1. Would it be correct to say that Arg28 is open to solvent by less than 50 Å² (accessible area, probe 1.4 Å) and of a type in the set (Lys, Arg)?
2. Do you know which residues across the range 238-250 are modelled with pLDDT of 90 or more and either open to solvent by less than 40 Å² (accessible area, probe 1.4 Å) or more than 17 Å from Asp284 (Cβ to Cβ) (or both)?
3. Does Leu256 qualify as being in contact (Cβ under 8 Å) with a residue 40 or more places away in the chain and over 19 Å from Thr51 (Cβ atoms)?
4. Keeping to the range 16-25, report how many residues are in contact (Cβ under 8 Å) with a residue 24 or more places away in the chain and open to solvent by 40 Å² or more (accessible area, probe 1.4 Å).
5. Are any of the residues in the range 368-379 crowded, with 20+ Cβ neighbours inside 10 Å, modelled with pLDDT of 90 or more and not small (Gly, Ala, Ser)?
6. With respect to Glu44, determine if the residue is in a helix (DSSP H, G or I), at pLDDT 85 or above and in contact with a helix residue (DSSP H, G or I) (Cβ under 9 Å, 6 or more places away or on another chain).
7. Can you find a residue that is more than 16 Å from the chain's Cα centre (by Cα) and under 30 Å from Arg366 (Cβ atoms) anywhere in the range 234-248?
Amino acid sequence: MKQHSHDYEEIDFEQFIIFIKSHSKQIRENITIYKNLEPNIIEEDRILIGTLLDSFIYFLSQSDIEDISNNYEDHLDTWLQSQITILNTRIFNYFFFIFEKSVLTLMANLKQHNRNIPILMFLSSVFSHLFHSYSKRSDTETERTFSKKAEENEELRRLYLLDQLNEILISTSCSNNLAHILKKCEDIFHYKRCVFYAYIPWSNQFYGVIGSELTKVQSMRGQLNKQNTFFNMKGPIFLKNPHNYVREEHIKLFNLSSVIFVPIFNQQQLLGWLTFDQLGEEFDCSKEELILLEQAGKRIGLYLSRNHDERSRIAEIQLTERETMILDLLADGYDNKKMGELLHLSEHTVRDYISSLMTKLHAKNRTQVVASAFRIGLIE
């Protein structure tokens, strides 16, 4: 790239992030003021713009600098993708205008004129990249829109697929068959793999519950950190290249390439995520596809959170203290030998407790014990 001479010292993404993190509180305050005072914004847009600005500040202030400093443009694109369902050109322009105005006001108050130009130039490059990526995506989406009839057909297709899912959920409403539902999701939405990961809010941890290659799935557990703050987003996330956001050992274990994360909620409480992928094949994902999978996720969230029928069985199932301990350890993936060591029991006694759990939960094996207990709320 041709080098240009400047009268100021350029900064990199790491220095830009440090500046934003250091002054995030003041920037947020300025954003609130300008967002509420701008007279040309209608109330509906004001809410969406606020959501976009909050997400961008959170994204910048929580970014792990060491992991993304060399490819921050890819990181920006992933943030942009996570917000694509609420974006249009009008909202995008207001987003740029308010954020830039808030930073300019901050700089005027700081009176550090020697730093102003480098920060503003880098901010301009960030906005230019985001606008270019958004325009490119918008152009692509426009090319895919053939006619009003095509749009109607797409809507019919979406409703047809969701109706198929509804039928599956209704037919399994009285059984613990999440594995069957996920398999049907693969067929309905044309993905080769669908996995459910549960989330534990009080410890900020996740663990694999159900999916093909169950041993691999249930070996997946960890804690959300700054590197994967995208998973705190409320909408679906498409990662065409997940290497910056998913641990390498997990990518190798599942042969991951492109992947979609769909959060599952119940009354604003995050229950976990569904993931969809094509078993190592890279793929693209449209805005319409993300909206479809988001709606599917809402239906599965309702399914998981039903408190009638099977939920009422909790009162009928009486577990002893030892059985409860064994159930918790089973959910954490411990084998019989390790459970015996932890509870000072023989392996034979542990097997007896597992057999008792299988009887009470009408399960055929230890995997179904965990799945059944999760489904009816005995473990979370």
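The values are calculated or read from the model by the stated rules, or taken from the named source; none is laboratory data. Quick caveat, the model's predicted, so the values are computed rather than measured. Every residue, glycine among them, receives a Cβ derived from its backbone with ideal geometry; neighbour counts consider all protein chains shown. In case anyone asks, the SASA skips ligands and DNA or RNA and just uses the protein heavy atoms, side chains included. Shrake-Rupley method; radii C 1.70, N 1.55, O 1.52, S 1.80 Å.
1. No: the conditions fail for Arg28.
2. Phe238, Leu239
3. no
4. Filtering the range 16-25 for residues in contact (Cβ under 8 Å) with a residue 24 or more places away in the chain gives 16-21, 23-24.
Filter once more, keeping what is open to solvent by 40 Å² or more (accessible area, probe 1.4 Å): 18, 21, 23.
So the count comes out to 3.
5. No, there is no match, as no residue in the range 368-379 is crowded, with 20+ Cβ neighbours inside 10 Å, modelled with pLDDT of 90 or more and not small (Gly, Ala, Ser).
6. no
7. Yes, the conditions are met somewhere in the range 234-248.
Conditions tested, residue by residue: (1) among the basic types (Lys, Arg); (2) in contact with a His (Cβ under 7 Å, 6 or more places away or on another chain); (3) modelled with pLDDT of 85 or more.
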{"position": "Lys2", "(1), (2), (3)": "yes, no, no"}
{"position": "Ile65", "(1), (2), (3)": "no, no, no"}
{"position": "Ser69", "(1), (2), (3)": "no, no, no"}
{"position": "Leu80", "(1), (2), (3)": "no, no, yes"}
{"position": "Thr89", "(1), (2), (3)": "no, no, yes"}
{"position": "Asn114", "(1), (2), (3)": "no, no, no"}
